[in-house]
2 protein chains.
Amino acid sequence: MVKFTGNITKESIIDVYATVVKTATPIESCTVRDVELVAAQLWLVSPARAQLPLQIEDAARPEKSDDPEALKIRVNQDTRLDNRVLDLRTPANQAIFRLEAGVCKLFRDLLTQRGFVEIHTPKIISAASEGGANVFTVSYFKSSAYLAQSPQLYKQMAIAADFDKVFTVGAVFRAEDSNTHRHLTEFVGLDLEMSFKHHYHEVLYTIAGTLTDMFRGLRDQFAAEIATVGQQYRVEPFKFLDPPLRLEFPQAIQMLKEAGVTVGEEDDLSTPDEKLLGRLVRAKYDTDFYILDKYPLAVRPFYTMPDPNNPKVSNSYDMFMRGEEILSGAQRIHDPDFLTERAKHHGIDISKIAAYIESFRLGCPPHAGGGIGMERVVMLYLGLDNIRKTSMFPRDPKRVTP
Amino acid sequence: MVKFTGNITKESIIDVYATVVKTATPIESCTVRDVELVAAQLWLVSPARAQLPLQIEDAARPEKSDDPEALKIRVNQDTRLDNRVLDLRTPANQAIFRLEAGVCKLFRDLLTQRGFVEIHTPKIISAASEGGANVFTVSYFKSSAYLAQSPQLYKQMAIAADFDKVFTVGAVFRAEDSNTHRHLTEFVGLDLEMSFKHHYHEVLYTIAGTLTDMFRGLRDQFAAEIATVGQQYRVEPFKFLDPPLRLEFPQAIQMLKEAGVTVGEEDDLSTPDEKLLGRLVRAKYDTDFYILDKYPLAVRPFYTMPDPNNPKVSNSYDMFMRGEEILSGAQRIHDPDFLTERAKHHGIDISKIAAYIESFRLGCPPHAGGGIGMERVVMLYLGLDNIRKTSMFPRDPKRVTP
């Protein structure tokens, strides 16, 4: 049996029939030190091939270490992803995807408690939702269709159909040729939409409160997983305030100005500016999460509701984790004539969005919502450096396998 | 104000500021009879257009009635779906989609309690998973890709990657030109996969037990919704046994034979035979749910594990609700050489499934699983006659809108 056992390759699956026996002296090399197994039978259930494309020990090595020797053996990202079955066996990956399941569970449970109804929206759509750029085309029998870039229209239709508060978790597609650390061509959207009575801040604080409760739930329920990820990657605990911090756009501009960055009051923030702002907010308010409210109207999509008190400003918001955007949202225009006017102002061909506009001619309450990228939430909560670490089988412009 | 109010169109959204006043005599025409609102202000928030494409009262009429007059006004399925925002406002539709949210919640919660981990699998894939038929093609930058017909390969890879028990809820695509009451081109798959220790029945009974617990949860938590659906459609309560009934394929053949239907022992069941069998099982065992186990190997996909004791039989199963299949599942072959042999036997081009086969060369435990169509579960639990009633925005060969 010893010879047979000695020939079993690493990562093979075996069945062992054994007796648990108390050890005479503690075993130093194992976590369980006072008992050991005396094997009677050993079966090889599934052999792994002798030459593995990567070693689990190498894939599990700490990415940051004070010992330069420890950093010499690295498994690069593509090798990991090409051999994802092996790569996912590292303790950090086991922990990351268990925590990711927790993100979805918390999102859904917290919203269900708040009276939201889960819906499912189609991924195959007849018209490109946001103007036609960055959309994947699908051959659909003798015609063609598109893959939805967002469930937004369908969430809004559910609101118009009296569902009051809805959420949906599902695949979202972006045909964007962005090869960055934070873009995927397919990701999981955590989307929600809600009608409100008096002010869109009812929705803004519902979303932010849900996220804050989620951060707390992750911290309390996934402490072991967070610690495991921390053994490979230097994870800094995620800081958040309750109630969450809300800043208005001019405040952000002011903070950036004070830090020596010039941003126009009607310009959008660049990614480096967002990053810097995240650091400034962290230093001033001690939080990794905040809401940036009241974006300039000019930088938001046509369906965004303007601020009734200031036509240059909109009832829209982004939310940030560690200086990176994880949610974009707004009050939507629910008046079809005003929506038409705003679309024309943006130079949009009205005939292409006629169905969208028509859906507001059947009575629709004021509503707001937002969409969250699940993989970004997990990446930024843990402080990881690449979104491919939080997508089990990531898709980008260069990768559609495995 | 009376004139203004009189001009408000049906289905408009209004805000009313009013005082609640006790009525002198009970109001017969309302559910709340002892109080009424005395309006002080009335605001029109969102007017509906005067000519509605359908009346909610018509769309909500009972589909079955003893009074032939009541059946004269019908809103046909396409009119409903073309104007889905209005159609979804009927009490039955509000109830159907709330119960559907319950199906997903129960599925996930019951599996999470049993130690399953939720995963997310890509919808864009590089190769057609099951041979290439019935698959949608996507333009993918300068190349092309496909839409996943099932998350099966990815669930299996997650099992090989040590996740032990996994489930996923997400869109599944079938480019099948089937225009029936129970086929959609896009639906929500409730999929699960599980490694086992001794016998695939560990998995079979985990799935069936989860479904049985789900049926009980729906009955207990959604009694009001089920009653509401029952006011429009004649819903018969869904009957199930606990533990669930498991029949073996030869038993089904025997029951059909006794009912005068001839089926070959190595043939698959036709849809009418399945329906008949459902009625026979209902009559004999008083259950609308049962498992049909041990299908002939010849009628199952190449990756299905044969029965070790009978090479003509397989370790595979379907599950039925009211005589219609809702789940198809099996133990999968986890030995790459045997998988190759079986694929060749089925005349499959090995080069096209090389990646699939290779994923079992890294050590993989024995496992089994299955996939459930969410919309079918809701349709059959409620006893509805068309799957378009349980898909919020259904997709079929002729419909990609709204």
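The values are calculated or read from the model by the stated rules, or taken from the named source; none is laboratory data. Note that the coordinates shown come from a computational prediction; the quantities given were computed from them, not determined experimentally. Here the Cβ positions follow ideal geometry from the backbone for every residue, glycine too, while neighbour counts run over all protein chains shown.
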**Asked** Which is of a type in the set (A, V, I, L, M), under 30 Å from B:Ala298 (Cβ atoms) and under 19 Å from the mean Cα position of the chain (by Cα), of B:Leu204, B:Leu277, B:Leu218, B:Leu269?
**Response** B:Leu204
**Asked** Restricting the search to the stretch A:219-247, which residues are in a loop (DSSP other than H, G, I, E, B), of a type in the set (Asp, Glu) and within 30 Å of A:Asp58 (Cα to Cα)?
**Response** A:Glu236
**Answer residue from the stretch A:15-31, given it is surrounded by 11 or more Cβ atoms within 10 Å (Cβ to Cβ) and more than 22 Å from A:Lys3 (Cβ to Cβ) and is nearest to the other protein chains (Cβ to nearest Cβ) among those** = A:Cys30
**Asked** Are there any helices (runs of 4 or more DSSP H) wholly within the stretch B:76-124 with 2 or more residues that are of a type in the set (A, V, I, L, M, F, W, C), and if so which?
**Response** B:84-87, B:91-113
**Asked** Looking only at the stretch B:177-194, which residues are assigned to a loop (DSSP other than H, G, I, E, B) and acidic (Asp, Glu)?
**Response** B:Asp177
**Message:** Given (1) at pLDDT 95 or above; (2) among the acidic types (Asp, Glu); (3) part of a strand (DSSP E or B), identify the lone condition not met by A:Glu36.
**Reply:** (1)
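Could you please give the count of residues in the stretch B:42-95 that are touching a His at 6+ places or on another chain (Cβ under 9 Å) and hydrophobic (A, V, I, L, M, F, W, C)?
Counting residues in the stretch B:42-95 that are touching a His at 6+ places or on another chain (Cβ under 9 Å) and hydrophobic (A, V, I, L, M, F, W, C) gives 1.
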**Complete:** Flagged pairs (Cβ under 8 angstrom, 6 or more apart or on separate chains; first in the stretch A:333-362, under 13 Å from A:Ala127 (Cα atoms) and away from chain B (no Cβ under 14 Å); second among the β-branched types (Val, Ile, Thr) and surrounded by 12 or more Cβ atoms within 10 Å (Cβ to Cβ)) are A:Ile350/A:Thr340; A:Ile350/A:Ile357
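State yes or no: is A:Glu69 in a helix (DSSP H, G or I), free of Cβ contacts under 8 Å to residues at least 24 places away in the same chain and surrounded by fewer than 12 Cβ atoms within 10 Å (Cβ to Cβ)?
Working: in a helix (DSSP H, G or I): yes; free of Cβ contacts under 8 Å to residues at least 24 places away in the same chain: yes; surrounded by fewer than 12 Cβ atoms within 10 Å (Cβ to Cβ): yes.
Yes: the conditions hold for A:Glu69.
Report yes if B:Lys284 is farther than 22 Å from B:Leu204 by Cα and either among the basic types (Lys, Arg) or in contact (Cβ under 8 Å) with a residue 40 or more places away in the chain (or both), otherwise no. Can you show your working first?
Working: farther than 22 Å from B:Leu204 by Cα: yes; either among the basic types (Lys, Arg) or in contact (Cβ under 8 Å) with a residue 40 or more places away in the chain (or both): yes.
Against the criterion (farther than 22 Å from B:Leu204 by Cα and either among the basic types (Lys, Arg) or in contact (Cβ under 8 Å) with a residue 40 or more places away in the chain (or both)), B:Lys284 qualifies.
So, of the residues in the stretch B:44-64 that are part of a loop (DSSP other than H, G, I, E, B) and under 14 Å from A:Pro336 (Cα atoms), which turns out to be farthest from the other protein chains (Cβ to nearest Cβ)? Outline the logic, then answer.
Taking the stretch B:44-64 first, the residues part of a loop (DSSP other than H, G, I, E, B) are B:47, B:49-55, B:60-64.
Filter once more, keeping what is under 14 Å from A:Pro336 (Cα atoms): B:47, B:49.
Working: B:Pro47: 7, B:Arg49: 5 Å.
Once the filter is applied, the top-ranked residue is B:Pro47.
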**Request:** Restricting attention to the stretch B:127-176, report how many residues are touching a helix residue (DSSP H, G or I) at 6+ places or on another chain (Cβ under 7 Å), not small (Gly, Ala, Ser) and not in a strand (DSSP E or B).
**Result:** 3
**Request:** Only residues that are free of Cβ contacts under 8 Å to residues at least 40 places away in the same chain and more than 9 Å from chain A (Cβ to nearest Cβ): list them for the stretch B:148-188, please.
**Result:** B:Ala148, B:Gln149, B:Thr180
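Could you tell me which of the residues B:Arg98, B:Arg114 is more than 11 Å from chain A (Cβ to nearest Cβ), under 23 Å from the mean Cα position of the chain (by Cα) and in contact (Cβ under 8 Å) with a residue 12 or more places away in the chain?
B:Arg114
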**Prompt:** Scanning the stretch B:198-218 for residues that are assigned to a helix (DSSP H, G or I) and aromatic (Phe, Trp, Tyr), which turns out nearest to B:Leu327 (Cα to Cα)?
**Reply:** B:Tyr205
**Item:** Which listed residue, of B:Gly369, B:Gly373, is within 14 Å of chain A (Cβ to nearest Cβ) and closer than 22 Å to B:Arg108 by Cα
**Value:** B:Gly373
**Request:** Please verify whether the stretch B:209-218 includes one or more residues that are at pLDDT 95 or above, within 22 Å of B:Ser314 (Cβ to Cβ) and within 9 Å of chain A (Cβ to nearest Cβ).
**Result:** no
